[in-house]
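Engineer: Here you go, one structure.
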Amino acid sequence: MADSPSTIPSARRTAILGQGYVGLPLAVQAVRAGHHVIGFDPDAQRVKRLRAAESPTPDVPDDQLASALTSGAYTPTTRPDALAGCGIAVIAVPTPLRGGAPDVSAIRCAARTLAPHLRPGALVVLESTTYPGTTEEVTRPARTSAMAHARNSGG
Ligand SMILES: NC(=O)c1ccc[n+]([C@@H]2O[C@H](COP(=O)([O-])OP(=O)(O)OC[C@H]3O[C@@H](n4cnc5c(N)ncnc54)[C@H](O)[C@@H]3O)[C@@H](O)[C@H]2O)c1
């Protein structure tokens, strides 16, 4: 049986932002490796299908998705507050090429969603295809501003 969320150590509580062809297989493998995974995606239709164990990719057969769900260790959600308390966060959002350069707006958006919920010392991994330096350049402002906000509000 899965641990209740409040007893799961942050090192085994993993957020994966983007539940597409990259994020979903990663989520299911992380569950198999013993992590409790919050699979965040703003696409409500996608999350609804994931909760019904309908996989969008043959890389994750429906029965594997169903077993991750029934273990209680995989939670697909559109709710940002579910990201609280994660010790590991993986960003796997789209970065379509525009004019020959990756459009990093979804990374920026994911970083802003994640930042207020990050624990000190959390590991953030950027899986999206992009140019070198994106993790620092795009995600650092969101992390810094969230920390400043927490300090100012006594958090
Ligand atoms: N598919 C591959 O084989 C592959 C391989 C290597 C790298 N990549 C890279 O990985 C990244 C993701 O690719 P993919 O194929 O999984 O894309 P995808 O389109 O299958 O899935 C992306 C998911 O991210 C969600 N999303 C969009 N904005 C978001 C946000 N702000 N916060 C959280 N989730 C958000 C979308 O709703 C979608 O479900 C891209 O940068 C891609 O280039 C893909």
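Engineer: Please work out which one of (1) within 16 Å of the ligand (Cβ to nearest atom); (2) modelled with pLDDT of 95 or more; (3) crowded, with 19+ Cβ neighbours inside 10 Å; (4) not basic (Lys, Arg) is the condition Cys86 fails and give its number.
Structural biologist: (2)
Engineer: Please enumerate the residues belonging to region 91-121 that are under 15 Å from Thr14 (Cα atoms) and more than 13 Å from the chain's Cα centre (by Cα).
Structural biologist: Arg119, Pro120, Gly121 - these are the residues of region 91-121 that are under 15 Å from Thr14 (Cα atoms) and more than 13 Å from the chain's Cα centre (by Cα).
Engineer: What pairs can you find where one residue is in region 32-60 and farther than 18 Å from Ile8 by Cα, the other is loosely packed, with under 13 Cβ neighbours inside 10 Å, and their Cβ atoms are less than 6 Å apart, with a gap of 6+ or different chains?
Structural biologist: Here the result reads Ala53/Asp62; Ser55/Asp62, each pair linking region 32-60 to a residue that is loosely packed, with under 13 Cβ neighbours inside 10 Å.
Engineer: Filtering region 13-55 down to residues that are over 12 Å from the mean Cα position of the chain (by Cα) and among the β-branched types (Val, Ile, Thr), which residue is farthest from the ligand (Cβ to nearest atom)?
Structural biologist: This residue is Val31.
Engineer: Taking into account only those residues within region 114-134 that are more than 13 Å from the ligand (Cβ to nearest atom) and touching a residue at least 60 places away in the same chain (Cβ under 8 Å), which is surrounded by the most Cβ atoms within 10 Å (Cβ to Cβ)?
Structural biologist: Pass one, region 114-134, residues more than 13 Å from the ligand (Cβ to nearest atom): 116, 118-124, 132-133.
Now drop any that are not touching a residue at least 60 places away in the same chain (Cβ under 8 Å), which leaves 119, 122.
Working: Arg119: 15, Ala122: 18.
By that ranking, first place goes to Ala122.
Engineer: Just the residues that are β-branched (Val, Ile, Thr) and surrounded by 15 or more Cβ atoms within 10 Å (Cβ to Cβ), please, taken from region 33-75. Spell out how you get there, then give the answer.
Structural biologist: Our first condition is that a residue be β-branched (Val, Ile, Thr); within region 33-75, this holds for 37-38, 47, 57, 60, 70, 75.
Hits for region 33-75 are Val37, Ile38, Val47, Val60, Thr75.
Engineer: Considering only region 98-113, I want to know if a residue exists there that is within 12 Å of the ligand (Cβ to nearest atom), under 17 Å from Val31 (Cα atoms), acidic (Asp, Glu) and surrounded by fewer than 18 Cβ atoms within 10 Å (Cβ to Cβ). Write out each step before concluding.
Structural biologist: If we filter region 98-113 for residues that are within 12 Å of the ligand (Cβ to nearest atom), which is where we start, we get 102-113.
Cutting the leftovers down to under 17 Å from Val31 (Cα atoms) gives us none.
For region 98-113, residues within 12 Å of the ligand (Cβ to nearest atom), under 17 Å from Val31 (Cα atoms), acidic (Asp, Glu) and surrounded by fewer than 18 Cβ atoms within 10 Å (Cβ to Cβ): absent.
Engineer: Counting only residues that are modelled with pLDDT of 95 or more and in a loop (DSSP other than H, G, I, E, B), how many does region 103-140 have?
Structural biologist: 6
Engineer: Name the residue, out of Thr14, Thr78, that is surrounded by fewer than 21 Cβ atoms within 10 Å (Cβ to Cβ) and of a type in the set (S, T, N, Q). Steps first, answer last, please.
Structural biologist: Numbers: Thr14 fails: surrounded by fewer than 21 Cβ atoms within 10 Å (Cβ to Cβ).
The match here is Thr78.
The values are calculated or read from the model by the stated rules, or taken from the named source; none is laboratory data. Since the structure is predicted, the reported quantities are computational estimates derived from the model, not experimental observations. Positions of Cβ are generated from backbone atoms using ideal geometry, with glycine treated the same way; all protein chains shown enter the neighbour counts.
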